[in-house]
Amino acid sequence: MDHVDTFEALKGETAVAGRQWPTTWPNGKFGEMSFKHVQEIAIRWCDVNAFRHVNSVVFPKWLEVARVSMLEQFVSSAASKPPASPSLIVSGLNIKYLHELSYPDTAILVSNITDVKESSFLVNTKGVSKRTGAVAFVAACQLTLLDSNAEKHVRIPEPMLGVVDRFACRSHLQARM
């Protein structure tokens, strides 16, 4: 999965210290979200490397925290709990680093869902420095529904698809109809 070309639209884009977040995502859908998930993560001293900025290995963990929090919100909004099998797995992850984060600060991760397909969807995330307002990174994480017993991708069941669609970008939903 190669999302590098989709990040080109973010070159030079930053938010101002007054917390006016950028309103466009590389595919133009971020500003049209009917839903977005916001997760604040305080930068800890152990997240910082010898150069006094957040180590790049920390970002995937932060993305996991935000993704799990968002999925828990999905489950709590669904009428029924998802089945134990099949399960969602991370089948692709791409992170573009744009600006350094340092201690002390708080990273604000703003996520949305796009590109809902038969067995997968993307969780797009922007990481913003609360202190400076700068966009520090953007990421695209592909989640795929996998039946581990059959060892293959499976279709997203209609009840789950309904929950995912409810949280996906409006422009994406119009494209699916």
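A probe of 1.4 angstrom, applied to the heavy atoms of all protein chains, finds Arg131 with accessible area near 130 square angstrom. Ordered from highest to lowest accessible area with the whole protein assembly present and a 1.4 Å probe, Val128, Val154 read as Val154, Val128. Once a ≥ b ≥ c are taken as the square roots of the eigenvalues of the Cα gyration tensor of region 46-162, is the result rounded (a/c under 1.5), prolate (a/b larger than b/c) or oblate (a/b not larger than b/c)? In terms of gyration-tensor shape, prolate. Per-residue SASA remark: Asp105, around 20 Å² accessible (1.4 Å probe; ligands, DNA and RNA not included).
Which parts of region 138-155 would a label at Glu118 reach, counting a residue when its backbone N lies under 20 Å from a point 7 Å out along Cα-to-Cβ? Label zone hits: 142-155. In this calculation the C-beta distance from Gln73 to Glu151 is compared with R0 = 41 Å, giving a FRET efficiency of 0.90. Here the spin labels are modelled as points 7 Å beyond Cα on the Cα-Cβ line, and at Glu100 and Leu88 they lie 3.4 nm apart. Each residue of region 143-154 was assigned a 3J(HN,Hα) from its phi angle through the Karplus expression (A = 6.51, B = -1.76, C = 1.60, θ = phi - 60°), giving 10, 10, 7, 10, 8, 5, 5, 8, 6, 8, 5, 10 Hz with x at Gly and Pro.
Listed values for region 101-107 are Karplus-derived 3J(HN,Hα) couplings in whole Hz (6.51 cos²θ - 1.76 cosθ + 1.60, θ = phi - 60°), namely 10, 9, 8, x, 5, 10, 8, and x replaces Gly and Pro.
The values are calculated or read from the model by the stated rules, or taken from the named source; none is laboratory data. Computed from a prediction, not measured in an experiment: that's the story for all the values here. So basically every Cβ, Gly included, is an ideal-geometry build from the backbone, and we count neighbours across all protein chains shown. Keep in mind that these areas ignore ligands, DNA and RNA; they rest on the heavy atoms of the full protein, side chains included. Shrake-Rupley method; radii C 1.70, N 1.55, O 1.52, S 1.80 Å.
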